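A.B. asks: Below are the structure tokens for one structure; questions will follow.
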Amino acid sequence: MIIQLSGFGQVVDFLNPKKHTIARTDVIGVDHLNHDAIVLISGLTPGKEITVPGDDITQAIKKLWEQDLFSDVEVGYNKIDNVTGDIFLYIKLQDLPKLTKYKFTGDVSKGEADKVKEEIDLYRGKMVTESLKRTTENQVRGFYQDKGFLKTKVTVTEVIDTSEFNSRSLVIDVQKGQRIKIKEINFYNNEIEPDPEKSKIKNLTTKWSVSDAGLRRAMKDTKRKGIMRIFSRSKFNEGAYERDKKNIIYKYNENGLRDAYIIKDSVYQIDEQHMGIDIWIDKGDDYFFGDIEWVGNTKYRDGQLDTLLGIKNGDRYDKALLEQRLYMSQDGRDITSLYMDRGYLFFNVTPVEMNITEDNKINYEIRINEGKQARVKNIYIYGNTKTNDNVILREIRTKPGDLFNRNDIIRTQRELANLGYFDAEQFNVNPIPNPVDGTVDIEYYVVEKSSDQIELSGGFGANRLIGTLGLSFTNFSTKNFFKKGAWQPLPSGDGQRLSIRGQTFGQGYQSYNFSFTEPWLGGKKPTSLTVFMSHSLLTNSTPKTDLNHQRTSITSAGVGLGTRLKWPDDYFQIYGEFNYQYYDLRRSNFFIFSDGFSNNISLKGVLTRNSIDAPIYPRSGSKFVLTTKATLPYSSFDGIEDYSSLTDQERYKYAEYYKIKFTGEWFVPISKDKKLVLHPKFGYGFLGAYNANKGVSPFERFYLGGSGLNGTWQFDGREIIALRGYNGQSPVSPETGGTVIAKYSMELRYPVSLNPNATIYALLFAEAGNTYNGFSDFDPFRVKRAAGAGVRIFLPMFGMLGVDFAWGFDPLDPGSAGQGTADDPGATQNGYTFGFFPIIGMNIGDL
């Protein structure tokens, strides 16, 4: 940076500054830049009066230097007019060199280089400065230090690039050194003395919480090395360490030690690969909650608020618990939710410490400003590009004119997520209060995602591979069916569901299925109408006129109605269905009889309570389903006393049975980010007969084992339930199936990606189950156990795909389909199997 004040004409006298008017300012050395803009930035514009020498020149140089465009700035004058005193200035500039490329050398792998590039701000054309080089060194060093390489050395070297004028390339050399792990984390002055006034359980709870091990658990990101640390490395990060020190104090506060603080701490090197941390603590005294007085509450009595708060005089002081019960509790048990769920949007509550007694009890005054109840004024929806507004509005629980209810917003979010049309991770709600008129506008922001599916899958049945092609349109619109321009590629937006599916393994087998659902029949109430029909044909590929022609033909049709219930709560749904199936058999070997026909006319009822928060990767909620299915008791009025004299075709001319199933499942988040989810599930089923003489129907039986993919092969209404770890087609059950089934499973899930375009999660599981021949044979603990691991990938166009690896632990019962015989050496002999189980679809093979 140069200030040059000499030229032709008058000479500047530094001891006697004079005022001059700028006649002209020339810019020299940067022809590619706009000279007028440079003059304007400098402030040395023609016509301006400046003092020479003075601050005007100095400020001009600073302004130009701040642009980070120049390596040298010089301001001077060419002459001063002897008559007018006008001064002719020049600004001489030299460009900073520009970056053309950069590379890494030293201990940097290609994968690491790609990640480091995301952390540093280098690109072609950026001006190369000393500040840029220092910043780059710090960023690269910080990247490796975050990974535990605390002694990383980074050198950024500037190299002249002769391929372009005034250009530079950078060489970033990295010497990582050895990774340094935390070997020891020691706490001092952390001895916990038992309190004689507390129970043994409370003493143990306190000791467990703030013991040395408890404090180490509280340090979320600063961990010692250990053989159990599989998924995260032991490393030291200064920022994380500072956060973890706050977590330590927070843990003490939770246990009534509100004055606890860290006296000092020491981070030191043990050897070349290990470091240690010592922390000295002053725990302070124990504190307790004292009297709690409510002020300003008119809607609820003190006793009601005390009960909801759940904190009593003498309870150990826990600030976090107090704030949770006042503002936001996971289970909705908090004062703010109580008011806001009843329209008090402008409500606020403030806890004030009044005093501390001699026995360390903290007396509180909780001040409430209830405000007035707010009513919903306007509902706005943004982001829906395909789904019609009315489809969204009918699921929204917050209606204009209703009192504001925060729980209704949470329920709305769940209902919209369960539609499957929107990305649950990007859903957003924005209440806009209007204090003047006591109303609130609510904005719902949704992001559309693809929900239609193409099913291309393969299942195994009758020793053949069965191919399946299915199309499912979950947001169909019949209203726009004949509307020009609506076919993109299909009319959509009204929330109707259309499914078309076909299966075949060639000329010998064909199956077609069609179903359509209108979820809001009439558009005013959530009453669904479903119609469906199917036809399956299995032959031995010979002409019908051939005497050896074999045929198994099944045609069915049905209609169902469902609705939501408001009692016991509005998570309940009920569904009823009428279904007719006609079996036409000729030399068939899939049924109890080979020639003739049978009619299966049934009514089905399903009662469901479903509070699951999302359809693809649920993190909370539960689902219970009670299913009943029955035919008429034909044996009560057919006039037949002795069925033993009838042929099987005559006996089962009309299928006769009743069937009951009950299943339940939960989704329980067990990590703070709610990503790690525990999923327990159970299911029971029973198939019964009206008439003991006629016997239990051969239709609708339970078959257990395998992956469930051979569930595509369900001619007689059989339910093929998956039990991973046991290979084959329903190996756990007899060839004729079971009339009672029990199945239990437990999964631990963790998401790899929650992107709606590819949701991926891994799982560990253990499951058990068995089928039984009636209640006399039923033992819920006599089951076949298995365990394993798997992965699921949900692609919007293909649905749920996955694979499991499982091990079956128990031998199969005599008579099981997979037991094997001396004549069938390929069959499973004992049930102890390790298997590969492909998964296609969400519910195939589920009880």
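The values are calculated or read from the model by the stated rules, or taken from the named source; none is laboratory data. Just so we're clear, the structure is a prediction, and the values are computed from it rather than from any experiment. So basically every Cβ, Gly included, is an ideal-geometry build from the backbone, and we count neighbours across all protein chains shown. Heavy atoms of the whole protein, side chains included, go into the accessibility calculation; ligands, DNA and RNA do not. Shrake-Rupley method; radii C 1.70, N 1.55, O 1.52, S 1.80 Å.
A.B. asks: Sort through G769, G799 and tell me the only one that's small (G, A, S) and at pLDDT 90 or above. If you could, list the steps in order and put the result at the bottom.
C.D. replies: Details: G799 fails: at pLDDT 90 or above.
Just a single option satisfies the conditions, and that option is G769.
A.B. asks: Anything in the stretch 560-586 that is open to solvent by 50 Å² or more (accessible area, probe 1.4 Å) and closer than 28 Å to Q649 by Cβ? List them, or say none.
C.D. replies: F578, Y580, Y582, R586
A.B. asks: Another question, then. Might you let me know whether the stretch 771-780 holds any residue that is surrounded by 14 or more Cβ atoms within 10 Å (Cβ to Cβ), out of contact with any Phe, Trp or Tyr (no Cβ under 7 Å at 6 or more places or on another chain) and hydrophobic (A, V, I, L, M, F, W, C)?
C.D. replies: no
A.B. asks: Ok, one more. Which condition does K524 not pass, out of (1) within 30 Å of R414 (Cβ to Cβ); (2) touching a residue at least 24 places away in the same chain (Cβ under 8 Å); (3) out of contact with any Gly (no Cβ under 6 Å at 6 or more places or on another chain), if it passes all the others?
C.D. replies: Only one criterion is unmet by K524, namely (2).
A.B. asks: Which residue is modelled with the highest pLDDT, if the candidates are limited to the stretch 453-471 and must be open to solvent by less than 40 Å² (accessible area, probe 1.4 Å) and under 17 Å from N513 (Cα atoms)?
C.D. replies: Result: G470.
A.B. asks: Give the stretch 161-180 a look and list any residue that's farther than 24 Å from S109 by Cα and loosely packed, with under 15 Cβ neighbours inside 10 Å, or say none.
C.D. replies: T162, S163, E164, F165, N166
A.B. asks: Right, another one. Only residues that are of a type in the set (S, T, Y), assigned to a loop (DSSP other than H, G, I, E, B) and either open to solvent by 30 Å² or more (accessible area, probe 1.4 Å) or at pLDDT below 80 (or both): list them for the stretch 474-508, please.
C.D. replies: At the first step, the residues of the stretch 474-508 found to be of a type in the set (S, T, Y) are 474, 477-478, 492, 499, 504.
Cutting the leftovers down to assigned to a loop (DSSP other than H, G, I, E, B) gives us 477-478.
Hit for the stretch 474-508 is T478, nothing else.
A.B. asks: Which one of these does N255 not meet: (1) within 32 Å of the chain's Cα centre (by Cα); (2) closer than 18 Å to E323 by Cβ; (3) modelled with pLDDT under 85?
C.D. replies: Of the numbered conditions (1) within 32 Å of the chain's Cα centre (by Cα); (2) closer than 18 Å to E323 by Cβ; (3) modelled with pLDDT under 85, the odd one out for N255 is (1).
A.B. asks: Do any residues in the stretch 666-677 that are closer than 18 Å to S329 by Cβ and open to solvent by 70 Å² or more (accessible area, probe 1.4 Å) have Cβ atoms under 7 Å from those of residues that are charged (D, E, K, R) and modelled with pLDDT of 90 or more, where the two are at least six apart or on different chains, and which pairs are they?
C.D. replies: Every condition considered, the pairs that remain are K674/R619.
A.B. asks: What pairs come up if the first residue lies in the stretch 386-408 and is over 30 Å from L490 (Cβ atoms) and open to solvent by less than 50 Å² (accessible area, probe 1.4 Å), the second is of a type in the set (G, A, S) and part of a helix (DSSP H, G or I), and their beta carbons are under 7 Å apart, counting only those six or more places apart or on different chains?
C.D. replies: R406/S337
A.B. asks: crowded, with 17+ Cβ neighbours inside 10 Å, under 28 Å from R397 (Cβ atoms) and hydrophobic (A, V, I, L, M, F, W, C): is that true of L322 in this structure?
C.D. replies: On the way: crowded, with 17+ Cβ neighbours inside 10 Å: yes; under 28 Å from R397 (Cβ atoms): no; hydrophobic (A, V, I, L, M, F, W, C): yes.
Here the answer is no, as L322 does not meet what is asked.
A.B. asks: Assess whether G314 counts as being under 16 Å from G290 (Cα atoms), in contact (Cβ under 8 Å) with a residue 40 or more places away in the chain and surrounded by fewer than 17 Cβ atoms within 10 Å (Cβ to Cβ). Reasoning before the result, please.
C.D. replies: Numbers: under 16 Å from G290 (Cα atoms): yes; in contact (Cβ under 8 Å) with a residue 40 or more places away in the chain: yes; surrounded by fewer than 17 Cβ atoms within 10 Å (Cβ to Cβ): yes.
When the stated conditions are applied, G314 passes them.
A.B. asks: Filter the stretch 129-160 down to the residues that are out of contact with any Leu (no Cβ under 9 Å at 6 or more places or on another chain) and among the acidic types (D, E), then identify the one that is least open to solvent (accessible area, probe 1.4 Å).
C.D. replies: Looking only at the stretch 129-160, we keep the residues that are out of contact with any Leu (no Cβ under 9 Å at 6 or more places or on another chain), and these are 130-131, 134-135, 137-143, 145-155, 160.
Okay, now just the ones that are also among the acidic types (D, E), so 130, 137, 146.
On the way: E130: 105, E137: 44, D146: 70 Å².
Among residues in the stretch 129-160 that are out of contact with any Leu (no Cβ under 9 Å at 6 or more places or on another chain) and among the acidic types (D, E), the one least open to solvent (accessible area, probe 1.4 Å) is E137.
A.B. asks: Restricting the first residue to the stretch 79-103 and requiring it to be closer than 16 Å to E49 by Cα, which pairs with a second residue that is surrounded by fewer than 16 Cβ atoms within 10 Å (Cβ to Cβ) and among the acidic types (D, E) meet a Cβ separation below 6 Å and a spacing of at least six or different chains?
C.D. replies: From the stretch 79-103, the pairs are Y90/D26.
A.B. asks: Is one or more of the residues making up the stretch 139-147 part of a helix (DSSP H, G or I), without any contact (Cβ under 8 Å) to a residue 60 or more places away in the chain and either under 30 Å from V27 (Cα atoms) or of a type in the set (A, V, I, L, M) (or both)?
C.D. replies: Taking the stretch 139-147 and keeping what is part of a helix (DSSP H, G or I), we get 139-145.
When the remaining residues are screened for being without any contact (Cβ under 8 Å) to a residue 60 or more places away in the chain, the result is 139-144.
Add one more test, that the residue is either under 30 Å from V27 (Cα atoms) or of a type in the set (A, V, I, L, M) (or both), and what stays is 140.
Yes: the stretch 139-147 contains one or more residues that are part of a helix (DSSP H, G or I), without any contact (Cβ under 8 Å) to a residue 60 or more places away in the chain and either under 30 Å from V27 (Cα atoms) or of a type in the set (A, V, I, L, M) (or both).
A.B. asks: Look at G256 and say whether it is under 22 Å from L215 (Cα atoms), open to solvent by less than 30 Å² (accessible area, probe 1.4 Å) and in a loop (DSSP other than H, G, I, E, B). Before the answer, list the steps.
C.D. replies: Working: under 22 Å from L215 (Cα atoms): yes; open to solvent by less than 30 Å² (accessible area, probe 1.4 Å): yes; in a loop (DSSP other than H, G, I, E, B): yes.
Yes, satisfied.
A.B. asks: Test I442 against the stated conditions and say whether it is among the aliphatic types (A, V, I, L, M), at pLDDT below 75 and either under 22 Å from S499 (Cα atoms) or buried (at least 19 other Cβ atoms within 10 Å of the Cβ) (or both).
C.D. replies: Working: among the aliphatic types (A, V, I, L, M): yes; at pLDDT below 75: no; either under 22 Å from S499 (Cα atoms) or buried (at least 19 other Cβ atoms within 10 Å of the Cβ) (or both): yes.
No.
A.B. asks: So Y327 ticks every box in (1) loosely packed, with under 15 Cβ neighbours inside 10 Å; (2) among the aromatic types (F, W, Y); (3) modelled with pLDDT of 95 or more but one. Which box is left unticked?
C.D. replies: Against the list (1) loosely packed, with under 15 Cβ neighbours inside 10 Å; (2) among the aromatic types (F, W, Y); (3) modelled with pLDDT of 95 or more, Y327 comes up short only on (3).
A.B. asks: Of the conditions (1) in a loop (DSSP other than H, G, I, E, B); (2) of a type outside the set (G, A, S); (3) in contact (Cβ under 8 Å) with a residue 12 or more places away in the chain; (4) open to solvent by 40 Å² or more (accessible area, probe 1.4 Å), Y300 clears all except one; give me its number.
C.D. replies: Only one criterion in (1) in a loop (DSSP other than H, G, I, E, B); (2) of a type outside the set (G, A, S); (3) in contact (Cβ under 8 Å) with a residue 12 or more places away in the chain; (4) open to solvent by 40 Å² or more (accessible area, probe 1.4 Å) is unmet by Y300, namely (4).
A.B. asks: In the list T152, T129, which residue meets the criterion of being of a type outside the set (A, V, I, L, M, F, W, C), modelled with pLDDT of 90 or more and more than 34 Å from the chain's Cα centre (by Cα)? Steps first, answer last, please.
C.D. replies: Details: T129 fails: modelled with pLDDT of 90 or more.
T152 is the lone residue from the list that is of a type outside the set (A, V, I, L, M, F, W, C), modelled with pLDDT of 90 or more and more than 34 Å from the chain's Cα centre (by Cα).
A.B. asks: A further question on this structure: Being at pLDDT below 85, over 34 Å from the mean Cα position of the chain (by Cα) and over 16 Å from A817 (Cβ atoms) is the filter here; which residues of the stretch 716-757 pass it?
C.D. replies: Within the stretch 716-757, G717 is the sole residue that qualifies.
A.B. asks: Somewhere in the stretch 195-209, is a residue modelled with pLDDT of 85 or more and open to solvent by less than 90 Å² (accessible area, probe 1.4 Å)?
C.D. replies: From the stretch 195-209, those modelled with pLDDT of 85 or more are none; that's our starting set.
Taking every residue of the stretch 195-209 in turn, none turns out to be modelled with pLDDT of 85 or more and open to solvent by less than 90 Å² (accessible area, probe 1.4 Å).
A.B. asks: How many of the residues making up the stretch 624-665 are surrounded by fewer than 16 Cβ atoms within 10 Å (Cβ to Cβ), free of Cβ contacts under 8 Å to residues at least 40 places away in the same chain and of a type in the set (F, W, Y)?
C.D. replies: Residues that pass the stated criteria total 1.
A.B. asks: Does the stretch 728-758 hold any residues that are more than 23 Å from F662 (Cβ to Cβ), open to solvent by less than 30 Å² (accessible area, probe 1.4 Å) and touching a Gly at 6+ places or on another chain (Cβ under 9 Å), and which are they?
C.D. replies: Within the stretch 728-758, P731 is the sole residue that qualifies.
A.B. asks: If the requirement is being open to solvent by less than 70 Å² (accessible area, probe 1.4 Å) and under 41 Å from the mean Cα position of the chain (by Cα), which of these qualifies: S553, S511? Lay out the reasoning, then the answer.
C.D. replies: Details: S553 fails: under 41 Å from the mean Cα position of the chain (by Cα).
Among S553, S511, only S511 is open to solvent by less than 70 Å² (accessible area, probe 1.4 Å) and under 41 Å from the mean Cα position of the chain (by Cα).
A.B. asks: Determine which member of the set G820, G790 is at positive phi and either modelled with pLDDT of 85 or more or not aliphatic (A, V, I, L, M) (or both). Step through it out loud before you land on a result.
C.D. replies: Details: G790 fails: at positive phi.
Sole residue among the options that is at positive phi and either modelled with pLDDT of 85 or more or not aliphatic (A, V, I, L, M) (or both): G820.
A.B. asks: State all residues of the stretch 587-596 that are open to solvent by 70 Å² or more (accessible area, probe 1.4 Å) and closer than 16 Å to K544 by Cβ; if no residue qualifies, say none.
C.D. replies: R587, D595
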